[in-house]
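Below you'll find the structure, written out as structure tokens, and then a few comments.
Nothing in this text is a laboratory measurement; each read-out follows from the coordinates by a stated rule. Treat the numbers as computed from the prediction; the structure is a model and nothing was measured. Positions of Cβ are backbone-derived with ideal geometry, glycine not excepted, and every protein chain shown enters the neighbour counts.
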Amino acid sequence: MQIGLQIPDFTNPAGPGQLAADLARVARTADEAGFRYLAVMDHFFQIGYLGPPEREMLEAYTTLGFLAAHTTRVELLTVMTGVIYRYPGLLAKTVTTLDVLSAGRAWLGIGAAWNEEESRGLGVPFPPVAERFERLEEALRIYQQMGRGDETPFEGRYNQLARPLNSPAPLRTPYPPIMIGGGGEKKTLRLVAKYADACNLFNTPDVEHKLEVLRGHCEREGRDYDEILKTALYVPDVGAKGERVDAVLADLRRLADLGFGATIGSVPDVYDITPLEIIGQEVIPAVASW
């Protein structure tokens, strides 16, 4: 079982003037503690369950580039990039750039997008859900083609690329891995089976059913279900002094038994650093062999 850290909140105690130093410290601590993944949300505004839209939110890929410079081991990704936020060719170029400059530690985390408020707010077109999924599949095809170095013109319904050149090529071959977020049973999990190296699911009571749906899609697509990394959104709240470590380990054991190979989630009071250190000392070693 691998543990990933997501940083969704950039409202640090010392304010924006200290944010760069605080983020660098969080990243270095997670890297040294043995976290496998370091992720940020790809949102323009803060989302409702964390705070009002006006609350601080950094642009995702600029932030990941900054975090890459302060780490050496963690793998870097968004959870998740909405497909409508960036032209697919530029998104492939962006993730490739992150991969090259991080010495091969980038992932593409992507989904169909859901936050209409922030899209409308910044003038990003927000098409109907069916179109967003069609665009998602086209983006995945473009990403894979560019990652492989295939410059053949791409003619899709929504995207036409005359020369999908991607130089330098990503360091990972054939391209940085793809993680698709969401549990939609008809479309999202089908795309996972067809294109993804990993899925990311909410840790909800129906998660076991979602895995069975994914297994069915894999059978229909001729894909090996076991080669897809299953990750769950999970908050490892170990408590201020580690008093909840046993409860976190019990949760992780349950997820591992279901077939999850990793969790990715925020850590409460992350800017305090202590919870990260506790996870590194007491949780990560305990689950490493699961």
Neighbour-limited loop hits for trypsin sites (Lys or Arg not before Pro), region 143-182 (at most 15 other Cβ within 10 Å; DSSP other than H, G, I, E, B):
Arg148, Arg157
Region 1-135: mean projected area of Cα convex hull, nm²
8.9 nm²
On the formula 1/(1 + (r/R0)^6), with r taken between the Cβ atoms of Arg141 and Arg254 and R0 of 45 Å, the FRET efficiency rounded to 0.05 is 0.80
Within 10 Å, count the other beta carbons around each residue, average over each peptide in 161-170, 19-28, and list them highest first.
19-28, 161-170
Enumerate by residue number the chymotrypsin sites (Phe, Trp or Tyr not before Pro) in region 1-84 meeting two conditions: DSSP loop (anything except H, G, I, E, B), and at most 16 other Cβ atoms within 10 Å of the site's Cβ.
Tyr49
Under 13 Å, Cα to Cα: Lys pairs in the chain, sequence gap 8 or more or different chains:
4
Quotient of Cα Rg and 2.2 N^0.38 Å for region 62-144, N being how many residues it contains
1.16
For region 117-228: rounded, prolate or oblate by the Cα gyration tensor [a/c cutoff 1.5]:
oblate
What shape does region 205-285 take by its C-alpha gyration tensor, where a ≥ b ≥ c are the square roots of the eigenvalues and a/c under 1.5 counts as rounded, a/b above b/c as prolate, and the rest as oblate?
prolate
Where does helix 245-258 land angle-wise versus the long Cα axis of the chain, in degrees 0 to 90, nearest 10?
30 degrees
What are the principal axis extents of the Cα atoms in the chain, in Å, biggest first?
56, 45, 35
Ignoring everything except DSSP H segments at least 4 long, calculate the 222 nm mean residue ellipticity for the chain; use -39,500 (n - 2.57) per segment, divide by total residues, nearest 500.
-11500 deg cm²/dmol
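Determine the relative contact order of region 2-287: mean sequence separation of Cα pairs under 8 Å and six or more apart, normalised by residue count, in whole percent.
On the way: 518 pairs, mean separation 53.7, N = 286.
Dividing the mean separation by the residue count of region 2-287 yields 19 percent.
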How large is the Kirkwood hydrodynamic radius of region 202-252, in angstrom, based on all distinct alpha carbon pairs?
13.0 Å
Working from Cα positions, state the angle (0 to 90°, nearest 10) between the long axis of helix 129-147 and the longest principal axis of the chain.
90 degrees
Could you tell me how many degrees, from 0 to 90 and to the nearest 10, lie between the Cα long axis of helix 19-33 and the main elongation axis, the longest principal axis, of the Cα atoms of the chain?
80 degrees
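Got the relative contact order for region 84-177 handy, in percent, Cα pairs under 8 Å and 6 or more residues apart? Write out the running numbers ahead of the final one.
On the way: 120 pairs, mean separation 37.2, N = 94.
40 percent.
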Name the chymotrypsin sites (Phe, Trp or Tyr not before Pro) in region 171-265 that are in a loop by DSSP and that have at most 14 other C-beta atoms within 10 Å, would you?
none
